[in-house]
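The values are calculated or read from the model by the stated rules, or taken from the named source; none is laboratory data. Computed from a predicted structure; not experimentally measured. Glycine gets a Cβ as well: all are built from the backbone with ideal geometry, and neighbour counts include every protein chain shown.
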Amino acid sequence: MTGFGRATVEWDDKRLRIEVRSVNHRGLDLKIRSQLPDTYCEAEIARAVRGAAERGAVTISIREEAALPDAAPSAIDEARARAVYQALERLRRDLGLSEPTTLTTVAAFIGASPGARDLSGEALWDVLRPGMDRALGELRATRAREGAALAADLAVRVATLRAAARAIAAGAAGLPDRYARRLEERLAALRDQPGFDRGRLAQEAALMAERLDVSEELTRLHTHLDHVDEILGAPGAVGRKLDFVIQEIGRELNTIGSKAQDAQIAALVIDGKVELEKIREQAQNIE
């Protein structure tokens, strides 16, 4: 399912923008793009996304924006700068380097001011968590709106399949009689011949009627369609359940088509399978 969520988090003179996007995918595929790579935060983000979505290609984007307009300049951590300078000087002497250690070199290691890049682990996640919760909440809301539209479309298609099933049932009801008549017409010329066995004719007609009987398949088909209606009205994630029931509907349609041996029913089965394929494609977009 597609969706989008956005939020910002602020502290001191810094602002982080969090964007969450999702597009259709059979499973859950998560990508995190951040200017603040942190293993702990990535694990927590993945846990939060799994709690909000079961399907979709989800992309998390986290970037640091410009300093807040009314923010006061940050003070320099002089003690840290002196410690870094002394460590770099010792290393320079040990390596026998002639170039002196400058403030530019020190700033390259610690940054000119403290900010998001100085945070890591739980401290960084404490900053990110509120914004991530808001962005995922917005994502769920947009996906819910799309899900409602998909459910309405699927309900119409299921009704079309149900009408096709009723037409198949009506056509299948007369199959044994039609087959018996065709068999009698073909054997009409042999009725007066010696050895013609009317009992055998009736037996063959009864056996074929049993082979042509698709009542069990139609019963299961209607049950599966009822199940689809129940799933569409159920809360929570239903996409995987729909996948399974759609597979079972396809199996019943295939069996009906192979057993009926009737051109009219075969055409109805093909129409039903076309509609089922549309349902299958839509179901891939459902959480």
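Identify all residues within the range 148-158 that are of a type in the set (Gly, Ala, Ser) and either assigned by TED's automatic domain parsing to the domain that holds VAL23 or surrounded by fewer than 13 Cβ atoms within 10 Å (Cβ to Cβ) (or both); write none if there are none.
ALA148, ALA149, ALA152
Can you tell me which condition ARG21 does not meet? The list is (1) within 18 Å of GLY147 (Cα to Cα); (2) at pLDDT below 90; (3) of a type in the set (Lys, Arg), and all the others hold.
(2)
Select from the range 20-48 the residues that are touching a helix residue (DSSP H, G or I) at 6+ places or on another chain (Cβ under 7 Å), touching a residue at least 40 places away in the same chain (Cβ under 8 Å) and within 28 Å of GLU281 (Cα to Cα) and list them in ascending order.
Selection gives VAL20, SER22, ALA48.
Looking for something out of contact with any helix residue (DSSP H, G or I) (no Cβ under 8 Å at 6 or more places or on another chain), surrounded by fewer than 16 Cβ atoms within 10 Å (Cβ to Cβ), among the hydrophobic types (A, V, I, L, M, F, W, C) and modelled with pLDDT under 85 - is there at least one such residue anywhere in the range 176-183?
Looking through the range 176-183, none of the residues is out of contact with any helix residue (DSSP H, G or I) (no Cβ under 8 Å at 6 or more places or on another chain), surrounded by fewer than 16 Cβ atoms within 10 Å (Cβ to Cβ), among the hydrophobic types (A, V, I, L, M, F, W, C) and modelled with pLDDT under 85.
Name the helices (runs of 4 or more DSSP H) wholly inside the range 32-127 in which the number of residues that are at pLDDT 80 or above and either acidic (Asp, Glu) or more than 29 Å from GLU138 (Cα to Cα) (or both) is 3 or more.
On the way: elements: 39-52, 78-95, 103-110.
Helices (runs of 4 or more DSSP H) meeting the threshold: 78-95, 103-110.
Quick one: LEU232 ticks every box in (1) free of Cβ contacts under 8 Å to residues at least 12 places away in the same chain; (2) under 30 Å from ARG50 (Cβ atoms) except a single one, so which number is it?
Tallying (1) free of Cβ contacts under 8 Å to residues at least 12 places away in the same chain; (2) under 30 Å from ARG50 (Cβ atoms), LEU232 fails exactly one: (1).
Quick one: is LEU253 at pLDDT 90 or above and either buried (at least 17 other Cβ atoms within 10 Å of the Cβ) or touching a Pro at 6+ places or on another chain (Cβ under 9 Å) (or both)?
Spelling it out, LEU253 is indeed at pLDDT 90 or above and either buried (at least 17 other Cβ atoms within 10 Å of the Cβ) or touching a Pro at 6+ places or on another chain (Cβ under 9 Å) (or both).
What tally of residues in the range 249-270 results from selecting those that are free of Cβ contacts under 8 Å to residues at least 60 places away in the same chain and within 19 Å of ARG166 (Cβ to Cβ)?
Of the residues in that region, 11 qualify.
Please indicate, with yes or no, whether at least one residue in the range 256-269 is closer than 21 Å to ALA173 by Cα and among the acidic types (Asp, Glu). Walk me through it before giving the result.
Taking the range 256-269 as the starting set, the residues that turn out to be closer than 21 Å to ALA173 by Cα are 256-269.
If we keep only those that are among the acidic types (Asp, Glu) too, we end up with 262.
Scanning the range 256-269 turns up at least one residue that is closer than 21 Å to ALA173 by Cα and among the acidic types (Asp, Glu).
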